[in-house]
Structures are given as structure tokens and as C-alpha cells.
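Heads up: the structure comes next, in C-alpha cells.
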Ligand code: HEC
Ligand code: HEC
């Protein structure tokens with residue numbers, strides 16, 4: 001037999017379950033990079049970049065020169081370097097043969113861009129980041145470089161770039 005208290009507790013739980021406030025919460029999308037070692041070693045100085053925005057060749061160059069990583073020393077133990085390289089290469093944009101990617105890479109090549117080591121150098125990136133909106137935002141945030149996506153795209157590590165949650169009245 002239920003005691004009075006048990007019934008009250010159960011009723012409370014049921015109410016929690018159906019309360020309208022909870023239903024409105026936005027679910028968290030999964031992190032694009034789930035690999036713990038990559039998150040730890042490649043997320044100290046900037047966001048953890050999504051591997052599918054650079055090619056196998058680009059990541060190979062980056063991982064081959066961590067001692068002089070854009071002017072910083074980002075070197076790792078051989079064990080971690082090997083692990084991260086394997087992870088990045090397995091998820092690079094051209095890790096699997098796919099026709100749309102091959103077409104994109106052909107377009108890049110026509111512009112002289114082959115295996116870039118910066119996402120911000122790719123035509124795909126530049127197309128979105130030469131607009132008036134981008135110029136206004138980078139000026140307002142005093143961040144002119146573009147590299148650290150998460151400064152503007154707050155949900156970049158969860159793969160969301162479309163929205164700027166209520167920022168800067170630019171939308
Ligand atoms: C010690 C700090 C540091 C660590 C650790 C580090 N980086 Fe960087 N990274 C930088 C700096 C500095 C830049 C240049 C940023 C700029 O131009 O504003 C950069 C830029 C990059 C860029 C180019 C971004 C763009 O499109 O402009 C990539 C890709 C990158 N890092 C990948 C990695 C990976 C992969 C790791 C882990 C193996 C890593 N970084 C670890 C400091 C670091
Ligand atoms: C200084 C702020 C800023 C930084 C840093 C930045 N972005 Fe953006 N990004 C923007 C703005 C603003 C737009 C929208 C441009 C427009 O529509 O006029 C945009 C658009 C995009 C879009 C297109 C979204 C859509 O509408 O589908 C992608 C994808 C994107 N950015 C990825 C990146 C990545 C990857 C990085 C880091 C390498 C980055 N951005 C860094 C401001 C920024």
C-alpha cells in the first residue's frame with residue numbers, strides 16, 4: 001500500500017516530467033570531436049577544430065610540424081601525436097572517396113589551394129566570411145583573424161554555425 005508521502009512524491013515527479021519549461025530547453029548536440037586525447041591536446045589554445053574541414057594532406061602537414069605550429073610550440077609525446085594524427089586523418093574531408101568532395105578539391109586546386117593547413121584559407125570559409133555581417137561582427141568583437149571559430153559561433157564545437165544566439169543585434 002502507498003503511504004500518503006509516497007503518493008505526493010510520485011505526483012511531484014509526474015509534474016516535473018510534464019512541466020512546460022523543461023520541454024522548451026534546447027537539447028545539446030553532440031560534440032563534433034569526441035576523441036578525448038584530441039580534445040585535450042588540441043583545445044588549449046583555440047577550439048577543437050572539426051577534422052572534416054581539412055584534407056588528409058593538410059592534417060598530415062600540421063601533425064608533421066607541431067614544434068612550429070603557427071609560431072607556437074604545440075609538440076606532443078610521440079604516442080599522443082600518433083593517436084591524434086590517426087584520428088584526424090580518419091575523419092578528414094577526403095578520408096573516404098566521395099564525388100562532391102573531389103569536385104570541391106578540384107575547384108580549390110584551380111585557385112592554387114592544395115591541402116591547406118588553415119580552414120580560414122579555404123574558399124568554402126572565405127565565401128561566408130567576406131560579407132558585411134562578418135565584417136561588422138569581427139569589428140564589434142575586435143577579433144579580425146577568423147581562426148578561432150568559437151569566438152563568434154558559440155556552438156561551433158557542436159557543429160552549429162548557422163546561428164549567433166541573440167548576439168550583437170545583427171540577425
Ligand atoms: C600552444 C597553443 C596551440 C596548441 C596546443 C594547438 N594550436 Fe593550433 N593554433 C595555434 C595558433 C597560435 C594558431 C594560429 C591562430 C591564428 O592565426 O590566430 C593555430 C591554428 C591552427 C589551425 C588553423 C586555423 C585556421 O583556420 O586559421 C589549425 C587547423 C590548428 N591550429 C590545429 C591544431 C591541432 C590539430 C592541434 C593539436 C594537435 C593544435 N592546433 C594545437 C596554437 C595552438
Ligand atoms: C568574427 C566572427 C567569426 C569567426 C571568428 C568565424 N565566423 Fe563563421 N560566420 C560568421 C558570420 C557573421 C557568418 C554569417 C555571414 C553572413 O551570412 O553574412 C558566418 C558564417 C559561417 C558559416 C555558414 C553558416 C551558414 O549560414 O550555413 C560557416 C559554416 C562558418 N561561418 C564556419 C566558420 C568556421 C569553421 C570558423 C573558424 C575556422 C568560423 N566560421 C569563424 C562569423 C565568424
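The values are calculated or read from the model by the stated rules, or taken from the named source; none is laboratory data. Predicted model only: the values in this text are computed from it and were never measured. Neighbour counts are summed over all protein chains in view; Cβ atoms, including those assigned to glycine, are modelled from backbone coordinates with ideal geometry.
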>> Can you name every one of the helices (runs of 4 or more DSSP H) wholly within the range 1-82 that holds 3 or more residues which are modelled with pLDDT of 55 or more?
In response: 36-41, 56-63
> Of (1) more than 9 Å from ligand 2 (Cβ to nearest atom); (2) modelled with pLDDT under 95, residue 141 satisfies all except one. Which?
Replying inline: (1)
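Residues checked against (1) under 19 Å from residue 62 (Cβ atoms); (2) within 8 Å of ligand 2 (Cβ to nearest atom):
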{"residue": "100", "(1), (2)": "no, no"}
{"residue": "108", "(1), (2)": "yes, no"}
{"residue": "119", "(1), (2)": "yes, yes"}
{"residue": "130", "(1), (2)": "no, no"}
{"residue": "149", "(1), (2)": "yes, yes"}
>> Anything in the range 95-137 that is within 12 Å of ligand 1 (Cβ to nearest atom), out of contact with any helix residue (DSSP H, G or I) (no Cβ under 8 Å at 6 or more places or on another chain) and without any contact (Cβ under 8 Å) to a residue 24 or more places away in the chain? List them, or say none.
In response: 121
>> One residue is enough: does the range 152-159 have a residue meeting the conditions at positive phi and within 15 Å of ligand 2 (Cβ to nearest atom)?
In response: yes
> On the given criteria, is residue 169 more than 16 Å from ligand 1 (Cβ to nearest atom), more than 22 Å from residue 33 (Cα to Cα) and either at pLDDT below 95 or surrounded by fewer than 16 Cβ atoms within 10 Å (Cβ to Cβ) (or both)?
Replying inline: yes
